[in-house]
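Asker: Okay, handing you the structure first.
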Amino acid sequence: MEIINYENSTLALDSIYNVLSWYDRVSLHTYMQGKTLVTEKATKLLKFVKKTEWYSPKMRYNQNNNLEYYDPKTENWLLASQYIKNHPRLTTQIQEYLNH
């Protein structure tokens, strides 16, 4: 069984959804190094990832520097923006969780 690194999953989720500011992301990186507290918004997203046990799909940057994820259903690499369209329930859950 793969061990989930919730902080990395949170950063991956943000790479797809772009809900955290630059400062939020930096706070999460420094938190991973044991140095500081995390911003409120980054904490919320981290708690969401832990609560839902969301884990990142395989991701990469293509030759045009666009983020892609591997979709096992289609067995293809798709743009990360397509992930949002392919997972509307998750998208709604993230928005609701962050707005509480």
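Asker: Taking the residues in region 21-41 that are at pLDDT below 95 and in a loop (DSSP other than H, G, I, E, B) as candidates, determine which candidate is surrounded by the most Cβ atoms within 10 Å (Cβ to Cβ).
Answerer: Val38
Asker: Another question about this same structure. Collect the residues in region 83-100 that are in a loop (DSSP other than H, G, I, E, B) and more than 16 Å from Ala12 (Cα to Cα), keeping them in residue-number order.
Answerer: Asn99, His100, listed by residue number.
Asker: Mind listing just one residue for me: the one in region 61-82 that is touching a Leu at 6+ places or on another chain (Cβ under 8 Å), outside any helix (DSSP H, G or I) and not hydroxyl-bearing (Ser, Thr, Tyr) and, of those, farthest from Gln93 (Cα to Cα)?
Answerer: Asn66
Asker: Out of the residues in region 20-36 meeting the condition of being farther than 14 Å from Tyr6 by Cα and of a type in the set (Phe, Trp, Tyr), tell me which one is nearest to the chain's Cα centre (by Cα).
Answerer: Trp22
Asker: Using the structure shown, decide if Lys44 is surrounded by fewer than 19 Cβ atoms within 10 Å (Cβ to Cβ), basic (Lys, Arg) and more than 23 Å from Trp77 (Cα to Cα).
Answerer: no
The values are calculated or read from the model by the stated rules, or taken from the named source; none is laboratory data. Just so it is clear, the model here is predicted, and its values are computed rather than measured. Cβ atoms come from the backbone with ideal geometry, glycine included; neighbour counts cover every protein chain shown.
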